[in-house]
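The next block holds one structure in the form of structure tokens; read it before the comments.
The values are calculated or read from the model by the stated rules, or taken from the named source; none is laboratory data. Keep in mind that this is a model prediction, so the values were computed, not measured. For neighbour counting, all protein chains shown are included, and Cβ atoms are generated from backbone atoms with ideal geometry for every residue, glycine included. All accessible areas refer to the heavy atoms of the entire protein, side chains included, with ligands and DNA or RNA removed. Shrake-Rupley method; radii C 1.70, N 1.55, O 1.52, S 1.80 Å.
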Amino acid sequence: MSAPRLEIDLDKIQHNARTLVDRLSGRGITVTAVMKASLGSPEIARAVLDAGVSMIGDSRMENIEAMNRAGVKAPMMLIRSPMISDAQRVVRYADLSLNSEVDVIGKLSDAARAAGKRHGVVLMVELGDLREGIMPADLEHSVSQVLDMPNIDLKGIGANLACHCGVAPGTDNMAKLSALADAVERAFGITLGIVSGGNSANLNWAFSGTDTGRINNLRLGESILLGCEPLHRQRIEGLHADAITLIAEVIESKTKPSQPWGEIAQAAFGEKAPPADRGNINQAILAIGQQDVDPGGLLAPLGIEIIGASSDHLIVDCGHRRLPVGTEIRFQLNYSAMVRSMTSPFVSKVLRASGKPIPVPAVAHTLPQTQGIMP
Ligand SMILES: *Cc1c(COP(=O)(O)O)cnc(C)c1O
């Protein structure tokens, strides 16, 4: 089989999704499965929908369109504030979107009216992580403007933490979101169907036994795909952390000194020479590099240590072993490594269900091509 490749086990992903859906339903929380890290793979989307997730979320319109084209039937939520330049495709392909700019929502309303449609909006509130969100003091003003827009349905409010400054979701900020939901409902005499508390970083809070208040939805990506919670990068009990693995192939295997020689300047990616002289080592080079993966996010098998990477070479110390050229090495990935490998056109994607490869491309769309030279 060709290398490098990502092997994606749909059964394990489905198990992860089903386990999270079941545990959270006991707390009155539904799951929006976030597909952005898998480039909107329709097969993965179907696997998580069969597991009971109530909605599909993605940050990129290309992915949402690909899932639409592939016939994935589910409510689609755009989870990044839409670009105004995308307003028409957003109302065409997404049922609802997370928003924090009233001007953008105005354009969505115009586009929806032109298309004879309605578009759902969840207003994002800033709770301290300083990425997207309306400041809490401005929320009611924004709500009043949105309620005046003819083709927009205000579906709810939401928040996102732990993505920019690492602010952890917890009792205080989640109680604040619940209180804001209550206040908006009282002030306008409306019902907010969705109170979307955050992402995989909310799971520790959700499972801690604390009162989850009005929060009735989480948007989960990493925990479904990697079985891991992002705050402390701990495996979640009962979930598979190896649903997605990366395989790369050895292209050089030699005994070499552990120390370089010659005058030392900068390496291609600014790496420093290895600090300790370990004498001669069994070194191997694998045909994968920075362009295909975040090497810092790879976990090598026992006995193999990653010692460097350039654009297309990954250099490992194989310890006592010699790895013949052609040997395949299997790595576990963290989120950063997984996202980059999923996005690299040089890494093939092999989906497996019931242990067997399924003969479909994991990526249903090609990324936009260069559109000529700007004047
Ligand atoms: C990426 C993203 C998510 C999913 O985050 P995970 O940590 O992968 O669960 C949820 N909400 C928003 C707004 C996102 O951008």
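Think of each Lys and Arg Cβ as +1 and each Asp and Glu Cβ as -1; about the Cα centre, that makes the dipole of the stretch 117-210 roughly 260 debye.
Per atom type, the stretch 1-54 shows carbon and sulfur on 46% of its accessible surface, probed at 1.4 Å.
Between K349, K254, K36, the Gaussian network model of the chain with springs among Cα atoms under 10 angstrom shows the greatest mean-square fluctuation at K254. For the residue pairs K36/K107; K12/K349; K36/K349; K73/K117; K254/K349, the alpha carbons lie more than 21 Å apart in K36/K107; K254/K349. Legend: calculated FRET efficiency, M1 to E271, from the Cβ-Cβ distance at R0 = 35 Å, rounded to 0.05, equals 0.70. The magnitude of the dipole of the chain, with charges of +1 and -1 set on the Cβ of Lys/Arg and Asp/Glu and taken from the Cα centre, is near 800 debye. Positive end of the dipole of the chain (Cβ unit charges, origin at the Cα centre): among G156, A74, N173, the Cα lying farthest that way belongs to A74.
Helical runs (DSSP H, four residues minimum) scored at -39500 (n - 2.57) apiece and divided by the length of the chain put the mean residue ellipticity at 222 nm at -7500 deg cm²/dmol.
With R₀ set to 30 Å, the beta-carbon distance separating M83 from S354 gives a calculated FRET efficiency near 0.15. For the chain, the share of alpha carbon pairs falling in successive 20 Å distance bins from zero is 26, 50, 21, 2 percent. For GluC sites (Glu not before Pro), the sites in the stretch 210-317 that DSSP calls loop and that have at most 11 other Cβ atoms within 10 Å are E237, E263. Label positions at E62 and Q145, each projected 7 Å from the Cα along the C-beta direction, are separated by 3.1 nm.
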